[in-house]
Amino acid sequence: MRIVFAGTPAFAVPCLRAAARHNEVVAVYTQPDRPAGRGRALTASPVKLEALQRGIEVLQPETLKKQVSRDALRALEPDIMIVVAYGLILPQSILDIPKYGCWNVHASMLPRWRGAAPIQRAIEAGDTETGVCLMQMEKGLDTGPVLLSQSLAIGEHETGGQLHDRLSELGAQVLADGLGLLRVGIVPVARAQPDDGVTYAHKLDKHEAKLDWSQPAIALANKVRAFNPWPVAEAELAGDRVRIHGAVALQVAHDKTPGTVLAAGRDGIDIACGDGALRIRTLQREGGKAITAADYLNARRDLVS
């Protein structure tokens, strides 16, 4: 087969490896190099670095909506185009070029969590299960029929970063299964997504990171997990602005104002919430690094109960 791959972040790299296993990837599309780091130097995407290491041609158009983009893809004569967290909209004129159309690896069990941040939104919502879908792309946002899928359980204390890595590998496995079928002449059956159960995983924004102590503790604990490693939950803690990397919800009754320190010790710092309490286990002061609550309390003896 002649495979064209389109992807940008680290999440897509295992899928690129799966697609390139038989040296069938003829080109890789990825986002243009972007400024990154303190020096704001132009930096190649993880997918570009993987493609260059494999000696695969890399294309980095700013858009796929121009005739030149259609001509470039058509010249590659692709049998299939694999799209994984690419970051650019594919117009219908692009979707129509490959022989078998375009397949997308999406990190949720569609139609739940269509959109940009399905991994984090699943954790934030308190979901106990998620998975990966291999979808036949169409013009709508993650609305295409599902070809293959695989579910997995979300760990009770699993963070967004940990789930990201597991789903990334699962996506590669599901993609490999789909391509394996196509290689022997079997096109996976496309099953339309149900109308019920549609939810949207809107893109993460840094302003969401600030915790509101009036919310239930379980909702805040889920947000801490979901937003680790980015954008990382933050809050006011006894006059200190801190980022919270690890916390658990406690089902305890209290009559304190939300945000009040209920207890502080080696096990963590318990903060009164609208319902229950949030036990902070790992946190970071401004300008510092992530430390345990016990280490933080060494500098805040006034909080120790």
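The values are calculated or read from the model by the stated rules, or taken from the named source; none is laboratory data. Model, not experiment: these values are computed from the prediction. Glycine also receives a Cβ, built like all others from the backbone with ideal geometry; neighbour counts cover every protein chain displayed.
Which ranges mark the helices (runs of 4 or more DSSP H) fully within region 1-92 that have 3 or more residues being in the same structural domain as LEU167 (by TED's automatic domain parsing), in contact (Cβ under 8 Å) with a residue 12 or more places away in the chain and crowded, with 20+ Cβ neighbours inside 10 Å?
13-19, 46-53
Just to be sure before I move on: is ILE269 free of Cβ contacts under 8 Å to residues at least 12 places away in the same chain, over 25 Å from ASP127 (Cβ atoms) and among the aliphatic types (A, V, I, L, M) in the structure I sent?
Criteria not met by ILE269.
Could you identify the single residue in LEU148, LEU175, LEU182 that is under 20 Å from MET81 (Cα atoms), assigned to a strand (DSSP E or B) and outside the structural domain of VAL232 (by TED's automatic domain parsing)?
After applying the criteria, what remains is LEU148.
Of a type in the set (Ser, Thr, Tyr) and surrounded by fewer than 19 Cβ atoms within 10 Å (Cβ to Cβ): which single residue out of THR159, THR143, THR130 fits that description? So that I can check it myself, show each step before the final result.
On the way: THR159 fails: surrounded by fewer than 19 Cβ atoms within 10 Å (Cβ to Cβ); THR130 fails: surrounded by fewer than 19 Cβ atoms within 10 Å (Cβ to Cβ).
Sole residue among the options that is of a type in the set (Ser, Thr, Tyr) and surrounded by fewer than 19 Cβ atoms within 10 Å (Cβ to Cβ): THR143.
Going through region 94-117 one residue at a time, which ones are farther than 30 Å from VAL184 by Cβ and in contact with a Lys or Arg (Cβ under 8 Å, 6 or more places away or on another chain)?
Passing the criteria: TRP113, GLY115, ALA116, ALA117.
Somewhere in region 107-129, is a residue hydrophobic (A, V, I, L, M, F, W, C) and over 24 Å from the mean Cα position of the chain (by Cα)?
no
Please list, ordered by first then second residue, the pairs with beta carbon atoms under 7 Å, 6 or more apart or interchain, first in region 106-126 and farther than 13 Å from LEU163 by Cβ and touching a residue at least 24 places away in the same chain (Cβ under 8 Å), second in a loop (DSSP other than H, G, I, E, B) and small (Gly, Ala, Ser).
Pairs that qualify, where the first residue is farther than 13 Å from LEU163 by Cβ and touching a residue at least 24 places away in the same chain (Cβ under 8 Å) and the partner is in a loop (DSSP other than H, G, I, E, B) and small (Gly, Ala, Ser), are PRO111/GLY197; ARG112/GLY197.
Would you call VAL248 outside any loop (DSSP other than H, G, I, E, B) and either in contact with a Ser or Thr (Cβ under 7 Å, 6 or more places away or on another chain) or under 24 Å from ARG121 (Cβ atoms) (or both)?
yes
Among residues belonging to region 121-145 that are in a helix (DSSP H, G or I) and in contact with a Leu (Cβ under 8 Å, 6 or more places away or on another chain), point out the one that is nearest to ALA217 (Cα to Cα).
ILE123
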